[in-house]
1. Taking neighbour counts of Cβ atoms within 10 Å as a proxy for exposure, in what order, fewest first, do Met380, Met935 appear?
2. Mind checking which aspartates and glutamates have their Cα closer than 12 Å to the Cα of Lys601? Skip sequence neighbours fewer than 8 apart in that chain.
3. Tell me the relative contact order for the stretch 269-325 as a rounded percent, counting alpha carbon contacts under 8 Å between residues six or more apart.
4. Relative contact order, percent, of the chain when contacts are C-alpha pairs under 8 Å separated by at least 6 residues?
5. Give the aspartates and glutamates whose C-alpha is closer than 13 Å to that of Lys207, dropping any in the same chain fewer than 8 places away, or say none.
6. Charges only on Cβ, +1 for Lys and Arg, -1 for Asp and Glu: so what's the dipole of the stretch 834-981 about the Cα centre, in debye to the nearest 20?
7. If r is the Cβ-Cβ distance from Ala762 to Ala659 and R0 is 30 Å, what FRET efficiency results, to the nearest 0.05?
8. Calculate for the chain the 222 nm mean residue ellipticity that helices alone would give, adding -39,500 (n - 2.57) per DSSP H run of length 4 or more and normalising by residue count, nearest 500 deg cm²/dmol.
Amino acid sequence: MRSHLAAALAALAVLTATPAPAAAVGSAAGKAAGRAAADHGYLSTRPGPGRFPLVARGAAAPIVTSGDDHPGVLRVAGDLSSDLGAATGVTPGLSRDTIPAGRDPIIVGTIGRSALIDRMVAAGRLDTRGVAGRWETSLQQIVEHPLPGVRRAFVIAGSDQRGTIYGVYDVSRRIGVSPWHFFDDVPVPHADALYALPGRHSQGTPKVKYRGFFINDENPATGTWAPGFFGPGKAPGHPGGLNAEYYAKVFETMLRLRANYLWPAVWGRAFAEDDPANHATASYYGVVMGTSHEAPMMRGIEEWNRHPAGTGEWSFRRNPEAVKAYWRAGVERMREQNIEGVVTLGMRGNGDVSLPDGDGIDLMSSIIETQRQILGEAGMLGAPQVQTLYKEVQRYWDAGYRPPDDVTVVFCDDNWGNMRKLPDPSLPARSGGYGLYYHFDYVGDGRNYKWVDTANLTNTWEQLHRAYTSGVDRLWVANVGDLKNEEEPTQFFLDYAWNPDAIPLSGIDDWERRYAAENFGGPLSAEIAEVLATYGVLQSRRKPELLNRRITVDPAKDVRTDPSAVVYDDQGNPFSLTDYREMDRVVAQWQALAARAERIKRRVPDAWQDAYFQLVYYQVAATANLYELRRAEFTNIMYAAQGRAATNDLAAEAEARFARDQALNAYYNTALAGGKWKDWQLQPKIGYGNVARYGSNAGWQQPELNNVALPDEIYPYLKRIEVPAGAAMGVALDGGDASTLPEFSPWQAQPQQYLEVYNRGATPFRYTITPGRPWVHVTPAAGTVGKQVRATVSVDWRRAPAGVTDVPIRIEGAGRTVVVHAPIRKPEVTPRGYAEANGYVSIPATGSDRRTGDWQVLPGIGKAGDGVTPLRAAGARLDYRVTLTSTGPVRIAALVSPRNNVLPTPGLRYAISVDGAEPQIVDVIAATGANDTTMNRQWARNTSDNINVTTTTHRIDRPGTHTVTFWAVDPTVILQRLIVDTGGVRYSYLGPPTSRRF
């Protein structure tokens with residue numbers, strides 16, 4: 001019989017089998033291009049039959065464009081020349097309209113716009129069927145005798161401006177130019193020669209029409225670095241930095257990533273005013289501009305804030321004429337400057353808050369009708385338009401309001417990567433379609449996360465896949481903060497938007513290896529990809545900014561009605577220091593990952609060291625160091641309360657970890673890439689929660705100081721004690737209990753229990769530990785305590801009697817005797833399945849003994865491990881075999897991903913039953929009060945903890961083997977773990993370790 005793991009993997013392979021690639025273009029040519037879309041090798045460094053030399057034998061093919069082509073195409077031809085030069089050391093010449101005599105050229109042009117391309121098409125030399133007339137589609141092909149007097153050419157043709165641009169940049173990526181060459185200093189690998197291969201090559205047509213990101217939360221990083229790097233803004237009286245030079249680098253990076261749509265920075269910034277050349281630069285590059293959910297009619301809210309005279313309050317009810325004039329000016333600017341843009345409709349309050357005028361449907365309807373009237377008067381009603389259902393704006397949709405049919409409705413996540421709503425499949429299709437707004441960076445409750453990438457690609461894939469397969473394909477935008485620091489999830493988001501079929505669930509690892517190879521070459525790509533994948537899983541458990549916030553629920557209060565039921569403790573360690581050795585295990589995982597990153601770093605070529613530091617090393621090493629700092633900090637605070645002599649050592653260790661953090665930042669800010677990133681790495685992440693220093697917003701808002709090297713920036717504050725000169729013995733137990741160790745069992749999965757003998761003084765002392773039964777052993781049982789000694793307690797199960805035995809353990813030292821107790825349970829039943837030990841059974845979602853219906857395994861999706869979700873809820877169930885030694889009432893906790901109810905179902909429900917009893921149905925949102933529209937404190941707890949935990953109570957009538965069944969009720973529930981609590985579960989962030997399986 002196959003093992004359960006093998007069966008699970010086989011099921012996963014069936015569920016996630018890669019579909020056949022869809023044809024990229026139509027007809028016979030479409031089939032060829034569809035096959036070519038999966039081809040990643042149409043360039044080579046070696047000559048061969050029919051190959052076209054881009055650069056060979058010290059000469060480069062000239063790049064020729066037509067002067068009447070789009071400005072963005074003429075510009076990108078220059079980038080291709082530079083890219084080929086960077087790769088080979090030979091820079092091609094650029095020519096317009098004229099092909100140098102006797103030279104085989106690279107011809108770049110847009111169908112219907114380039115005279116050169118159109119002449120080839122008219123002469124039958126270039127077949128553009130399946131390309132012409134499509135959106136952003138390109139073709140790369142060697143053409144024989146393309147034009148009179150030209151022997152052959154390598155042709156890059158696009159269906160429109162961006163199609164051509166994407167075709168050019170695809171060539172650049174294949175010769176080794178990373179999209180992150182500017183923002184992360186990725187060098188271009190050298191090639192002596194480059195050849196294009198015969199055949200017809202296309203990247204196909206994008207599946208999502210508008211794809212892009214939001215530069216947001218850009219202080220202090222971009223806001224500090226850009227003014228120094230790009231100089232002052234061109235508009236007098238306004239801050240510089242985010243000017244046309246800055247945006248040119250953003251636009252280039254976007255286009256290299258096949259993005260086409262941007263929401264510009266908003267924090268105290270006005271894209272159109274900070275540099276009057278900004279909009280013209282976007283048009284020159286061929287980028288579609290938009291504005292965020294709070295900025296209607298192509299005007300950022302900062303423009304209103306900068307010109308208060310004569311405008312008054314930002315209120316449609318109380319100041320309508322000024323508001324309408326403001327909107328009208330934005331549309332006029334769009335028309336006069338011929339800006340390709342997507343117009344945001346609706347209105348929110350100034351400062352990214354809800355409207356001060358109320359939230360009635362009549363008001364929103366009047367606002368959008370007025371905006372549409374303004375667009376019509378300007379002749380701009382045909383421009384694409386969106387209404388973004390961000391936060392409270394979704395209430396209008398939920399209450400039944402529908403914008404005009406041609407308006408794209410943009411659904412949003414909850415700022416933490418969980419979509420809040422998706423299209424109701426029973427509703428008629430909208431001509432404007434649907435879009436989504438997603439977050440990789442956020443400012444707000446339960447806490448900002450802005451420092452480093454914390455995305456879990458499996459989690460991202462699952463939400464994007466669910467959205468796309470629900471019909472959300474018109475516009476996708478991600479909040480990427482400063483862009484830099486969110487490189488991998490940004491590229492994944494955009495690649496998936498281009499062609500979801502190319503990245504099935506089973507293809508995420510392959511995508512990550514390609515991402516690593518694109519930036520660091522093939523030899524190290526697999527190892528780097530593994531580091532990044534592990535990093536994503538570990539990092540997504542909890543944001544680094546939340547490592548000093550513990551969130552609890554008062555069991556005596558109803559979270560559905562009492563906001564005070566959820567308690568935020570900004571001086572609390574979310575990971576347990578005392579139970580299941582959780583903090584030590586988590587820190588060890590981060591240390592192991594940092595050690596792997598360090599070993600790889602020693603093998604990375606010198607030219608790639610700066611890129612490796614930015615894309616891999618810094619985020620891994622700095623986060624591992626932060627975990628070490630938090631362990632030392634919270635251990636120090638615990639030791640201080642116990643009066644341990646080792647207290648001050650832990651304070652010194654925490655300060656050393658803080659110094660290491662500052663050293664990594666200092667290298668980033670002064671030495672990296674020759675000082676290019678001066679003052680970039682200033683984002684606070686350690687001092688959060690210090691209300692006394694930073695005021696009432698300190699719970700979620702970042703500290704004002706930029707992690708300057710002050711010891712009191714380590715919050716909560718470290719403790720130092722005066723250690724007496726003599727010797728004084730203290731005893732601490734595994735699990736933190738004062739007198740009793742956690743129960744022992746031969747079936748336990750947690751590490752062996754321990755006790756610690758520690759000194760409260762400065763003088764060492766001798767100790768002895770004597771168990772009350774000869775079959776209980778302690779190692780070491782005697783010795784000298786300088787500051788502290790950890791002793792492991794074990795049981796010789798061959799000699800232990802059946803049943804439960806209470807074994808006293810006597811500890812003597814420094815003139816004191818302490819007796820603690822070790823409860824020993826030797827079960828009298830034969831285990832089958834997951835076995836109870838230490839008062840619990842902890843079961844991974846993938847550990848079912850029988851799976852009924854269609855389920856999908858989501859590897860590493862959550863903090864509790866892999867997840868499983870029903871593809872169809874009807875009749876789907878998971879049966880888990882467990883062996884229990886306890887009887888009576890038990891509580892079964894279901895740990896599910898903190899999803900929202902995105903579909904038109906009564907709730908987000910599952911059911912639990914034991915031994916075929918009537919299933920108990922649980923609505924995970926209603927049960928916890930985590931309403932997905934208001935996004936209340938319980939929601940903040942669930943998203944901060946990255947889990948939603950609900951429990952049911954069941955009665956066990958006998959010891960022995962039982963079956964726990966998890967029933968699918970709604971299709972979007974993702975189960976991560978089941979925990980059967982028979983009375984011994986202790987607090988831990990990740991939950992107790994997985995039980996042993998027999």
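1. Numbers: Met380 19, Met935 22.
Fewest-to-most ranking of Met380, Met935: Met380, Met935.
2. Glu527, Asp610
3. The normalised contact order for the stretch 269-325 reaches 24 percent.
4. Working: 2190 pairs, mean separation 89.5, N = 998.
For the chain, the relative contact order is 9 percent.
5. Answer for Lys207, where 13 Å is the Cα cut-off: Glu136, Asp473, Asp495, Asp501, listed by chain and number.
6. 140
7. Values: r = 26 Å, r/R0 = 0.87.
Between Ala762 and Ala659 the formula returns 0.70.
8. -9000 deg cm²/dmol
None of the figures in this text is laboratory data; all of them are computed from the coordinates on show. Every value quoted in this text rests on a predicted model; they were computed, and no experiment measured them. Backbone-built Cβ (ideal geometry, glycine too); neighbour counts: all protein chains shown.
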